[in-house]
Amino acid sequence: MSKQFGKVGVLYGGKSAEREVSLMSGKGVQQALISAGVDAHLFDTGERSLAELAAEGFDRVFIALHGRYGEDGTIQGALELLGIPYTGSGPMASALAMDKTMTKRIWLQHGLPTPDFEVLDADTELRLVPDRLSLPLIIKPPHEGSTVGITKVVGYSDMKEAYAAAARFDAEVLAEQFITGRELTVAVLGSGKSARALPVIEIAAPGGNYDYEHKYFSDDTQYFCPATLPPEVAEEVARIAVKAYQTLGCEGWGRADFILDRDNRPWLLEMNTSPGMTGHSLVPMAAKAVGISYADLCVAILSEASCKVHSPARNA
């Protein structure tokens with residue numbers, strides 16, 4: 001196994017608001033790869049330079065970074081320039097999926113269901129937004145993950161504070177129609193036509209509040225895998241997840257998040273192209289439900305590492 005992959009770097013840490021989670025993900029992935037006989041080494045992109053990354057001589061890398069500079073196409077572009085094969089989606093798909101506004105525009109273009117939305121900036125008349133989207137609504141920064149900077153707005157007076165909380169992270173802020181329902185997530189593995197969904201997971205957080213604490217550190221959140229759904233609903237959610245993944249051009253692995261409304265209609269919220277790999281994470285949970293261990297999942301993802309930008313002239 002070690003010879004098959006050569007020297008492997010596990011990129012973790014980074015500089016985003018999700019650094020703490022990435023440190024946990026990276027350590028878990030490295031330990032799993034070592035247990036499978038892979039020569040895996042941790043590399044913190046938040047503390048070490050690209051020059052050091054190039055000097056390490058990695059044959060391929062596993063990206064266990066979350067958020068900005070790790071999941072948004074920037075590190076993927078750098079790895080393309082360095083010629084180091086890497087896990088997950090390429091620069092374009094990573095950048096699109098990290099931008100929730102662009103993601104929603106593409107999904108709507110392909111007829112995929114996603115809640116109505118509006119882009120807010122410093123000139124937006126905030127008190128008019130609830131009239132257009134209705135209350136309650138969600139305000140969030142479009143380039144952050146892990147529920148960072150998200151507020152549920154239940155009254156007109158909440159708008160200013162909610163906008164300010166999200167604007168700390170992004171100049172433009174996303175206001176999104178709030179869909180009441182069950183929170184679901186679907187992991188997707190593979191690329192192109194071979195992409196396949198793992199079992200649907202339902203997330204039941206205390207009071208419906210699946211925030212940063214309940215995502216990564218609390219044991220109070222309940223997970224049901226596979227989710228208790230009518231077979232036809234589970235199949236439709238999985239189908240939409242795969243199509244949502246494919247329309248963005250995602251590769252390797254990812255995770256689509258949904259709300260299932262009271263009429264059992266699924267609504268896409270976002271796509272994660274470098275999901276968490278911690279003890280509380282959802283992709284390993286879905287993999288386990290179909291008999292794939294955490295270590296085997298890490299090896300499977302690593303086995304698809306590649307550079308995605310190819311020039312026909314260069315290959316001629």
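The values are calculated or read from the model by the stated rules, or taken from the named source; none is laboratory data. No experiment lies behind these values; they were computed from the predicted model shown. As a convention, Cβ positions derive from the backbone with ideal geometry for all residues, glycine included, and neighbour counts pool all protein chains shown. Areas reflect the complete protein model, heavy atoms only, side chains present, ligands, DNA and RNA absent. Shrake-Rupley method; radii C 1.70, N 1.55, O 1.52, S 1.80 Å.
On a full-extension model of 0.36 nm per residue, what is the gain between Asp261 and Thr147, subtracting their alpha-carbon distance, rounded to one decimal in nm?
In short, 39.0 nm is gained.
In a Gaussian network model over the chain where Cα atoms closer than 10 Å are linked, find which of Gly67, Gly149, Gly181 has the largest mean-square fluctuation.
Gly181
Hey, what number do you get for the chain at 222 nm if only DSSP H runs of n ≥ 4 count, each worth -39500 (n - 2.57), divided across all residues, to the nearest 500?
Details: 13 runs with 112 residues, N = 316.
So the calculated ellipticity at 222 nm is -10000 deg cm²/dmol.
In whole Å, largest first, what are the principal axis extents of the Cα atoms in region 1-146?
60, 30, 28
Could you give the accessible area per residue of region 105-197, probe 1.4 Å, as a whole number in Å²? Intermediate values should be presented prior to the final figure.
Values: 4550 Å² over 93 residues.
Computed with neighbouring chains in place, this is 49 Å² per residue.
Would you mind counting up the charge near Ile138? Only other residues with Cβ under 10 Å from its Cβ, with Lys and Arg at +1 and Asp and Glu at -1.
On the way: positive: Lys140, Lys152; negative: Glu176.
With Lys, Arg at +1 and Asp, Glu at -1, the neighbours total +1.
For region 117-177, what % of the accessible area comes from carbon and sulfur atoms, probe 1.4 Å? Working shown, then result.
Numbers: 1470 of 2970 Å².
The nonpolar share, carbon plus sulfur, comes to 49 percent.
Using the Kirkwood radius built from alpha carbon pairs, what does the Stokes-Einstein equation give as D for region 117-177 at 25 °C and 0.890 mPa s, in µm² per second? If you can, show how the numbers build up before the last one.
Working: Rh = 11.0 Å.
Here the translational diffusion coefficient equals 222 µm²/s.
Roughly how many nanometres apart are two label points built 7 Å out from the Cα toward the Cβ at Ala55 and Leu42?
Inter-label distance under the simple model: 2.1 nm.
Hey, any idea what the orientation-averaged projected area of the convex hull of the chain's Cα atoms comes to, in nm²?
Mean shadow area of the hull around the Cα atoms is 17.0 nm².
Give the span of region 70-118's Cα atoms along each principal axis, as three whole-Å numbers ordered largest to smallest.
On the principal axes, region 70-118 reaches 40, 18, 13 Å in Cα extent.
Number of Lys-Lys pairs in the chain under 14 Å by Cα, sequence gap 8 or more or different chains?
For the chain, qualifying lysine pairs total 7.
Test of understanding: what is the full-extension gain from Lys3 to Asp296, defined as 0.36 nm times their sequence separation minus their Cα-Cα distance?
Result for the pair: 103.8 nm of gain on full extension.
How far apart, in nanometres, would the label points at Leu128 and Tyr156 be if each is projected 7 angstrom from Cα along the Cα-to-Cβ direction?
1.4 nm
Under 5 Å between amide H atoms, partner at least 5 residues away or on a different chain: which partners does Trp253 have, H built in plane at 1.01 Å?
Gly88, Ser89, Gly190
Could you work out the pair-distance distribution P(r) of region 1-87 from its alpha-carbon pairs, with 10 angstrom bin width and percents rounded to whole numbers?
Spelled out per bin, shortest first, that is 19, 54, 25, 1.
How do 92-100, 191-199, 50-58 rank on mean C-beta neighbours within 10 Å, highest first?
92-100, 191-199, 50-58
Could you do me a favour and compute the accessible area per residue for region 1-87, 1.4 Å probe, result in Å²?
40 Å²
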